[in-house]
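*Asks:* Below are the structure tokens for one structure; questions will follow.
The values are calculated or read from the model by the stated rules, or taken from the named source; none is laboratory data. These numbers were taken from a predicted model, which means no experiment stands behind them. Glycine also receives a Cβ, built like all others from the backbone with ideal geometry; neighbour counts cover every protein chain displayed.
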Amino acid sequence: MPDDAKVIAMTDESDSLKLALRGSSPDDLSQPPPLRLPSKAALFLDFDGTLVDIAAHPDHVEVARALPGLIEALGEQLEGRLALVSGRALEALDRLLGPVDVAMAGSHGGEFRPCRNAEIHPLADPLPETIARPLGAFARDNGELLVEHKPFSMAVHYRGQPEMRAPLLALAQDLAEAHGAGVKDGKMVVEVVMPGSDKGSAVARFMDMPRFAGSTPYFIGDDVTDEDAFKAVTAMGGEGILVGPMRQTAACWRLESVEEVHAWLTRALADADADAPAGAAGKSPDTENAGQAGERPE
Ligand SMILES: [Mg+2]
């Protein structure tokens, strides 16, 4: 990482300026510096492609055994300022992760749950049959594409049939336009969502809660649907961390893989444990190390 990366500042208002400050190549982003805990950071985590690798079927993702404990421990270190923000329904996240006591927003923010035993607050209207029926028929008539019904959206997965993307997207856009909904064009999936379901609004809703007050938000995500959240955290003085290959993004850091995300999160906890006896100072990643990722700041 070049020396000029050391001038990273949270006061930058433009993404392009941030990119320019981060290094000589605007074509890629550096790894985020270590997260030092305790910290006044708030951490928002996408699930698929970020905490678990994407599988051929959404139900077949492998959840690392250590993941639920890792998320919960980080949440504790951040005094509750950690939330999962996923396109999946909360029911699916609960099923895959088991009882994890952290805040969650599901269905791209359509479902909002401030802590494990709290009620789910719907932030969007249910998806009408006038959208669900034709979308379901399209999936059935075109090679039995996998349909995922969610409370405020419907996703059609076309993994293995990339040629279906164009007609599926066209239908989704027509239906969305006719019924005031939106379309998310994700990785091997097209989803029609009701207004109110986007990850940026979910992050903003969490940040309005007292326990998130005054914190600096970081969002880690891989998909184009995470760009709303990258923009939201940036607007609130925070930063986005893209997972996966470089692309056009509002994030300003990048981790290559789910494995790197796990390593980054695990390291934050390990460092916190190591620092604990001496009493760690509260610092957020932006104020810490600006040097090579993987090195502890002096
Ligand atoms: Mg994702």
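*Asks:* Could you give me the residue pairs with C-beta distances under 8 Å whose first residue belongs to the range 32-50 and is on the phi > 0 side of the Ramachandran plot and part of a loop (DSSP other than H, G, I, E, B), whose second residue is crowded, with 24+ Cβ neighbours inside 10 Å and among the small types (Gly, Ala, Ser) wherever it lies, and which are 6+ apart or on separate chains?
*Replies:* Every condition considered, the pairs that remain are 49/221.
*Asks:* Let me ask something else. If you take the residues of the range 256-271 that are crowded, with 20+ Cβ neighbours inside 10 Å and closer than 20 Å to residue 81 by Cβ, which of them is farthest from the ligand (Cβ to nearest atom)?
*Replies:* Per the criteria, the residue is 268.
Here is a yes/no grid of residues against (1) within 16 Å of the ligand (Cβ to nearest atom); (2) modelled with pLDDT of 95 or more:
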| site | (1), (2) |
| --- | --- |
| 207 | no, yes |
| 212 | no, yes |
| 215 | no, yes |
| 219 | yes, yes |
| 225 | yes, no |
| 232 | yes, yes |
| 239 | no, yes |
| 242 | yes, yes |
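*Asks:* Can you tell me which residue among 186, 196 is surrounded by fewer than 22 Cβ atoms within 10 Å (Cβ to Cβ), under 17 Å from residue 242 (Cα atoms) and modelled with pLDDT under 90?
*Replies:* Every option except 186 fails the conditions.
*Asks:* Evaluate the range 103-125: report whether one residue or more is under 30 Å from residue 65 (Cβ atoms), at pLDDT 95 or above and away from the ligand (no atom under 16 Å from the Cβ).
*Replies:* Taking every residue of the range 103-125 in turn, at least one turns out to be under 30 Å from residue 65 (Cβ atoms), at pLDDT 95 or above and away from the ligand (no atom under 16 Å from the Cβ).
*Asks:* Only one residue in 53, 59 is over 17 Å from residue 99 (Cα atoms), within 16 Å of the ligand (Cβ to nearest atom) and modelled with pLDDT under 95, so which one is that?
*Replies:* 59
Yes/no matrix, rows are residues, columns are (1) in the same structural domain as residue 202 (by TED's automatic domain parsing); (2) touching a strand residue (DSSP E or B) at 6+ places or on another chain (Cβ under 7 Å); (3) β-branched (Val, Ile, Thr); (4) over 12 Å from residue 193 (Cβ atoms):
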residue	(1), (2), (3), (4)
100	yes, no, yes, yes
108	yes, yes, no, no
157	no, yes, no, yes
164	no, no, no, yes
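*Asks:* Write out, first by first residue and then by second, each pair whose Cβ atoms fall under 6 Å of each other, whose residues are 6+ apart or on separate chains, and whose first residue, in the range 131-146, is in the same structural domain as residue 162 (by TED's automatic domain parsing) while the second is hydroxyl-bearing (Ser, Thr, Tyr).
*Replies:* If the second residue must be hydroxyl-bearing (Ser, Thr, Tyr), the pairs left are 145/158.
*Asks:* Any residue in the range 43-57 that is of a type in the set (Phe, Trp, Tyr) and farther than 20 Å from residue 148 by Cα?
*Replies:* Looking through the range 43-57, at least one residue is of a type in the set (Phe, Trp, Tyr) and farther than 20 Å from residue 148 by Cα.
*Asks:* Would you check if residue 93 is part of a strand (DSSP E or B), without any contact (Cβ under 8 Å) to a residue 60 or more places away in the chain and within 16 Å of the ligand (Cβ to nearest atom)?
*Replies:* no
*Asks:* Which condition number does residue 140 fail, the rest of (1) surrounded by fewer than 16 Cβ atoms within 10 Å (Cβ to Cβ); (2) within 16 Å of the ligand (Cβ to nearest atom); (3) among the basic types (Lys, Arg) being met?
*Replies:* With (1) surrounded by fewer than 16 Cβ atoms within 10 Å (Cβ to Cβ); (2) within 16 Å of the ligand (Cβ to nearest atom); (3) among the basic types (Lys, Arg) applied to residue 140, the lone miss is (2).
*Asks:* So, one more: Under 8 Å between Cβ atoms, at least 6 apart or on separate chains: pull out the pairs that start in the range 208-229 with a residue that is free of Cβ contacts under 8 Å to residues at least 40 places away in the same chain and under 26 Å from residue 190 (Cα atoms) and end on any residue that is within 11 Å of the ligand (Cβ to nearest atom) and not polar (S, T, N, Q).
*Replies:* Hits for this filter: 228/199.
*Asks:* Oh, and also: Which of the numbered conditions does residue 251 fail, given that it passes all the others? Conditions: (1) within 16 Å of the ligand (Cβ to nearest atom); (2) not in a loop (DSSP other than H, G, I, E, B).
*Replies:* Here residue 251 clears every test but (2).
*Asks:* To continue, here is another question. Among the listed residues 176, 155, 172, identify the single one that is in contact (Cβ under 8 Å) with a residue 40 or more places away in the chain and farther than 30 Å from residue 82 by Cβ.
*Replies:* It is 176.
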